[in-house]
2 protein chains.
Amino acid sequence: MTKEELIAQIRLKKSYLCVGLDTDITKIPRHLLSHADPVFEFNRQIIDATKACCVSYKINTAFYESQGIKGWDAMEKTVNYIPSTHFTIADAKRGDIGNTSAQYAKAFFDVLRFDAVTIAPYMGEDSVRPFLEYKNKWSIVLGLTSNSGAKDFELQQVGEEKLYEKVLQTVAKWGSTENLMFVIGATRADEFIHIRKILPNHFLLVPGVGSQGGSLKEISEKAMNKDCGLLVNVSRAIIFAGGEENFAEEAKHTAEQYQREMSTYLK
Amino acid sequence: MTKEELIAQIRLKKSYLCVGLDTDITKIPRHLLSHADPVFEFNRQIIDATKACCVSYKINTAFYESQGIKGWDAMEKTVNYIPSTHFTIADAKRGDIGNTSAQYAKAFFDVLRFDAVTIAPYMGEDSVRPFLEYKNKWSIVLGLTSNSGAKDFELQQVGEEKLYEKVLQTVAKWGSTENLMFVIGATRADEFIHIRKILPNHFLLVPGVGSQGGSLKEISEKAMNKDCGLLVNVSRAIIFAGGEENFAEEAKHTAEQYQREMSTYLK
């Protein structure tokens with residue numbers, strides 16, 4: 001998907017919501033467990049219920065890998081089921097030496113046909129480059145994450161700047177606003193105005209709204225740019241909004257609330 | 001596997017060789033492609049040929065994920081085929097917020113039953129902790145990697161020290177020499193004496209010998225400790241030593257050469 005296509009979807013739906021399919025099999029409603037593939041069945045119903053009010057789905061690979069081969073199969077079925085109008089993200093946080101990163105790029109872009117994959121920047125340029133070589137595919141590099149561990153390294157001072165700022169500035173040079181986004185946690189709202197000075201035009205993938213406590217209002221006010229420039233991800237607070245047979249309806253209801261709030265922030 | 005068991009294997013075999021199963025399906029001998037699972041068949045023969053002279057196998061998950069579900073299946077069969085005398089490493093470079101890292105730990109320790117998994121440290125403590133909670137399992141955290149991109153962030157100055165030194169010192173406090181190792185690339189031989197001052201007692205997983213050009217002699221002289229404290233990984237230079245029907249024999253021959261050299265460095 002191109003940047004223009006993504007922006008068009010955001011304008012059409014008045015939404016910059018990304019629904020995170022962190023489908024933990026121990027948390028899905030029990031009546032689904034009799035299905036041949038309960039995780040896919042859960043995702044299928046969540047996608048049907050939420051696709052009108054979101055522009056993106058993020059599949060967190062950990063929740064699928066923990067189910068072994070069955071999980072990998074459920075992931076493949078899920079990404080194939082997502083409508084082509086929606087921006088698909090493999091939240092995989094991969095990254096390795098060049099020839100290995102090329103294999104990860106193949107896995108997520110060629111085989112699973114995601115639009116985007118999240119990447120850990122620690123190993124530097126040759127670990128990111130192979131992902132950037134794919135046309136109309138996106139590398140979403142970790143900048144400042146939403147978790148408490150961000151203080152251990154990301155927020156440490158490297159010369160005049162913090163490590164995550166160094167990452168944003170350095171990685172931005174390896175690609176463009178057409179193939180690079182950055183992960184900035186919603187729990188770091190104080191940093192957003194500053195981050196927009198470093199990256200005025202990039203899309204930011206913002207997790208941490210919902211269960212992790214980030215404020216949609218604050219992020220939107222501080223970090224929206226002329227293209228919107230935000231994909232705000234909500235996982236658990238939407239997909240596990242209802243715990244019973246009504247789970248898809250409850251997910252829809254919650255996703256609609258986020259969409260309505262987003263529509264008020266969009267110019 | 002415990003640290004004592006690993007040391008016993010190193011003494012028994014006079015080897016600290018880890019064979020890296022970076023099994024690229026486009027590089028395996030063509031006669032294997034008629035097998036139902038060519039990647040597993042290749043690995044099976046490599047394991048049979050090399051198990052007498054190595055103490056560990058490292059499976060690079062990227063080469064399996066790039067084959068989709070079939071690849072995940074080949075990985076599962078391979079790790080189950082490796083003898084329990086050998087230390088098994090999932091070279092997966094995972095790491096995410098706590099509840100997600102817990103899913104990765106489940107995937108690699110419970111489902112696939114690896115002894116160890118490699119972890120990217122960027123996201124900090126809560127991204128590593130869930131892996132450390134497993135008894136007799138190992139977290140192998142990226143310190144200083146063998147690739148050119150190491151200069152972008154790992155070698156940057158953070159206050160009085162380089163980022164990778166900060167990572168070694170900080171992460172070492174989260175676990176012990178019984179459940180933590182670090183990745184230090186063989187191409188960084190100059191740094192090994194210094195690294196041993198920071199981590200005198202930890203095992204180091206050292207990739208970069210062979211195709212990447214690191215010197216086994218230099219690393220062994222500079223970084224071996226009383227327990228050996230090294231697992232030196234060689235991937236392509238062993239598994240692709242021969243390109244034809246003789247591939248397993250050639251792999252055995254090359255692995256034996258490494259083992260013989262290692263036996264001269266072991267006290």
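Things worth noting here:
- Condition met for A:C54 (in contact with a strand residue (DSSP E or B) (Cβ under 6 Å, 6 or more places away or on another chain) and part of a loop (DSSP other than H, G, I, E, B)): yes
- Residues (at the interface with chain A (Cβ under 7 Å from one of its Cβ atoms), among the hydrophobic types (A, V, I, L, M, F, W, C), within 18 Å of the chain's Cα centre (by Cα) and more than 14 Å from B:T23 (Cβ to Cβ)) located in the range B:62-112: B:A107
- When residues in the range A:39-65 are screened for being surrounded by fewer than 23 Cβ atoms within 10 Å (Cβ to Cβ) and either in contact with a Pro (Cβ under 9 Å, 6 or more places away or on another chain) or among the hydroxyl-bearing types (S, T, Y) (or both), 2 of them pass.
- Verdict on A:I59 being farther than 30 Å from B:I184 by Cβ, of a type in the set (A, V, I, L, M) and not in a loop (DSSP other than H, G, I, E, B): yes
- Count of residues meeting criterion [among the acidic types (D, E) and at pLDDT 95 or above] in the range B:162-211: 2
- Matching residues in the range B:144-160 - criterion: being of a type in the set (D, E, K, R) and in contact with an Asp or Glu (Cβ under 9 Å, 6 or more places away or on another chain): B:K151, B:D152
For every residue, the table says whether it meets (1) surrounded by 22 or more Cβ atoms within 10 Å (Cβ to Cβ); (2) over 21 Å from A:H202 (Cα atoms); (3) facing chain B (nearest Cβ under 10 Å); (4) out of contact with any Phe, Trp or Tyr (no Cβ under 7 Å at 6 or more places or on another chain).
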site: A:V128; (1), (2), (3), (4): yes, no, yes, no
site: A:Y134; (1), (2), (3), (4): no, no, no, no
site: A:N147; (1), (2), (3), (4): yes, yes, yes, yes
site: A:F153; (1), (2), (3), (4): yes, yes, yes, no
site: A:T170; (1), (2), (3), (4): no, no, yes, yes
site: A:K173; (1), (2), (3), (4): no, no, no, yes
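- Filter pass, B:G213 being within 8 Å of chain A (Cβ to nearest Cβ), over 15 Å from the mean Cα position of the chain (by Cα), on the phi > 0 side of the Ramachandran plot and not β-branched (V, I, T): no
- A search for C-beta distances below 9 Å between a residue of the range B:159-180 that is basic (K, R) and any residue that is assigned to a helix (DSSP H, G or I), counting only pairs 6+ apart in sequence or on different chains, returns B:K162/B:E191.
The values are calculated or read from the model by the stated rules, or taken from the named source; none is laboratory data. This structure is a prediction, so every number in the text was calculated from the model and none was measured. Glycine gets a Cβ as well: all are built from the backbone with ideal geometry, and neighbour counts include every protein chain shown.
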